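Shown next, in structure tokens, is the structure this report addresses.
Read-outs: derived from the displayed coordinates by stated rules, not from any lab. Treat the numbers as computed from the prediction; the structure is a model and nothing was measured. Because the Cβ atoms are built from the backbone with ideal geometry, glycine has one as well, and the counts that use them run over all protein chains shown.
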Amino acid sequence: MADDSAGADGASGLESRLAAYLAEKLPDASDVRVDGLERIFGGASRETYRFVLRTHRDGEDESRRLILRRDPPGSLIETDRAVEYAAYRAFYGTAVPVPEALWLEEDGNRLDYPFFIMEELAGLQSSAQAAAPHAAKLTPQKWSILGEISKADPAALGLDNVMAAVAADECWQRELSYWENEIDRHELCPQPIARAAIRWLRRHPPPPAQRVSVVHADYRTGNYLFDEEGTIRGILDWEMAHLGDPLEDLAWGLNPVWQSADGRVGAIATREEAISIWEEASGLRADPEALHWWELFSSVKGQAIWVSSAKEFTDGKNQDLILALAGWLMGNRQDRAILAAMGHHVS
Amino acid sequence: MKPDVGRLLEVAVGHLMGETVPMIGRAYGHSVYEQSNVGVLGMMLLAVRHEHERAAARRVEENQELRRMFARAGTVVGAGDVSERLAAAAEAEDTDLTVSALEESNAELRGLLIELHAAVEEIDSPEARTLEEEIWRELAASTRRRALPTLGDT
């Protein structure tokens, strides 16, 4: 496993190797240094580190807080870092707030694994507990930003060049087949609840997508940053982004596993508020039957992710404890969500 | 074996959360990866304590429930390969009560449950609908058996 405490230039010399890489990228700067490199908890599909880049340029000392997102030896989900990087670049400066992505390096020889570097949106919060007190202000922002993603033209953003095309009537099938295959590949024990849901989803396909949009695919609490005033400053973790049915994103955000104990979606909004705000911002309609299909699908996808996390941990590819926790806790919650969506409740 | 495993884990978690986590925070800062990781380890140990207590009991209970269901299911799905395997599974017993052995037999039974469920969905009869409802009740019960209240189960 890669070094976690990479600061003070630990055993692998990550700090100095990162500084050498950045010096090549900044030929007009001198005295390029990396200070305070430390790993951030979470982000099981990428190792995430924060650091301060210090340089001397045009007679001035400069510093900038940056983030290193590096592929881990094993990953919760197998994602294309180039797509994630492209999504940050595409949405930067639009109505969808994202940090500036700076460099992508797909050569695994530089820092042991491929990586990219982006600006750090420092001092911000993203947990459900932190979000709840700002619910009134966060709710319209969170769901209207998702509406902006759904409304965005992938071709105008240049994302149709990096994301696989899909026809409006094939979005559901492609996603369902992908995540079913993930369960096939990674399940350590039979999943009778998820399998029943998959059979139902195949027997009751949704209507074609109203439009083929950019789908963030992990739009939830924990993946957006907001300041102490309750203003959302950045949408993060685009690692599963793809083209597809925008209802997929709405449904994922409504997934019961992200709800607070009082049933507020993402711990901040009522279901009706979230849907209404998204509809207004996107110009699309959340047909209840179609949305139900995508909500059940989102629980199958969630279970596929938790099954994969248990597999990665068990195989020793990635022994981040958060993977074990996900396998135990989230897997059970996701089964409950599937049962509820199919009209069967756990007393 | 004394002290009990549960008590040992409680004390271990107390050391981790009460001493180690604050110590890491004082030495390296309160948002470092290592501190969060040790915090998760503490939560996992509490879950291990809960699972240790029930591990054999919940598997024995579930395996018995599934075998009872399989014994009745053969008449609904009719003669054939699935029916024969249901009958064979219904007659089996758990003689090795180690958790790993119980887990293995549980996985076999749950795999067969998937086949039974899929087969029953294709049968148009009142008996099939009754059995389907029974399967869903068992799936809900299996989810309840696996819940981890120490991790904030909702």
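Details
- Taking the Cα atoms of region A:60-156, the ratio Rg/Rh between the radius of gyration and the Kirkwood radius comes to 1.02.
- Helix B:81-91 and the long axis of chain B differ in direction by around 60°, with both axes built from C-alpha atoms.
- Chain B: C-alpha pair distances exceeding 27 Å, %: 44
- Label-point separation, A:A130 to B:M1 (7 Å along Cα→Cβ), nm: 4.2
- Tilt relative to chain A, helix A:81-91 - C-alpha long axis, 0 to 90 degrees, to 10: 90
- Reachable lysines from A:K311, criterion Cα separation under 22 angstrom, eight or more residues apart if same chain: A:K301
- Taking the convex hull of Cα positions in region A:14-119, its mean projected area over all directions (nm²): 7.2
- Taking only Cα atoms of the protein assembly as shown, radius of gyration then Dmax in Å: 24.7, 87
- Positive minus negative residues near B:H117 (Lys, Arg vs Asp, Glu; Cβ under 11 Å): -3
- Folded to 0 to 90 degrees: helix A:192-203 orientation relative to chain A principal axis, Cα: 70
- Taken along its three principal axes, the alpha carbon spread of region A:128-341 comes to 43, 39, 33 Å, from the longest extent down to the shortest.
- Per-residue extension of 0.36 nm, minus the Cα-Cα distance of A:D287 and A:D227, leaves a gain of 18.3 nm for this segment.
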